[in-house]
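Data block below; observations after.
The values are calculated or read from the model by the stated rules, or taken from the named source; none is laboratory data. What you are looking at is a predicted structure, and each value in this text was computed from that prediction instead of being measured. Positions of Cβ are backbone-derived with ideal geometry, glycine not excepted, and every protein chain shown enters the neighbour counts. Ligands, DNA and RNA are excluded from the accessible area calculation, which covers all protein heavy atoms including side chains. Shrake-Rupley method; radii C 1.70, N 1.55, O 1.52, S 1.80 Å.
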Amino acid sequence: MNAPSVPKRALVYGAILTWAIAVVGSGIGYLVGGVPGLVSALIGALLAFVFMGLTAASILVAGRVAFGPDSFVVYFGIILGVWLLKFVLFIVLAIWLRGVSWLNPGVFGFTAIAAVVGSLVVDLLAFRLSRVPYTDVALPG
């Protein structure tokens, strides 16, 4: 049985992290800000999961599309294109969410920061716990 790849493992760990942040964040959000705090925490957790999913999906798609020695431009073009899409999406959502009355900005901000830091830890753990060969050498015998 093959072990899951780093992006797949990061996506699974990210789903677990998002679930934990949604549960804990919505509980704290409800205690701090009522229903708007609860909704703000859930939106922050969902946004983090969507962004983690886009990152993992871009790496998986780029790995399948770009193969061969001269395809690194396609690989990094897909990765950077999705990064740019995430950046624009974040700016649009930040501008839109700034004006809504049902959002608690403090709860949303703390949830988003916890999700970003958590996603970095998840990516680090997924990479650290995966066994990925970095050479392709045939041994004698």
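Just checking, how many residues over the stretch 48-98 are of a type in the set (Gly, Ala, Ser) and within 20 Å of LEU17 (Cβ to Cβ)?
Total meeting the criteria: 5.
Looking at the stretch 61-73 only, could you name the residues that are open to solvent by less than 70 Å² (accessible area, probe 1.4 Å) and either in a helix (DSSP H, G or I) or of a type in the set (Phe, Trp, Tyr) (or both)?
ALA62, GLY63
Filter the stretch 79-124 down to residues that are assigned to a helix (DSSP H, G or I) and under 18 Å from VAL32 (Cα atoms), then give me how many there are.
Total meeting the criteria: 10.
Across the stretch 96-141, which residue is surrounded by the most Cβ atoms within 10 Å (Cβ to Cβ) among those that are among the aromatic types (Phe, Trp, Tyr) and modelled with pLDDT under 85?
Step by step, filter the stretch 96-141, then rank; the result is PHE127.
Among all residue pairs at least 6 apart or on different chains, which show Cβ distances below 7 Å where the first residue, located in the stretch 12-24, is within 14 Å of ALA112 (Cα to Cα) and the second is open to solvent by 40 Å² or more (accessible area, probe 1.4 Å)?
GLY14/PHE49; THR18/PHE49; ILE21/ALA114; ALA22/LEU42
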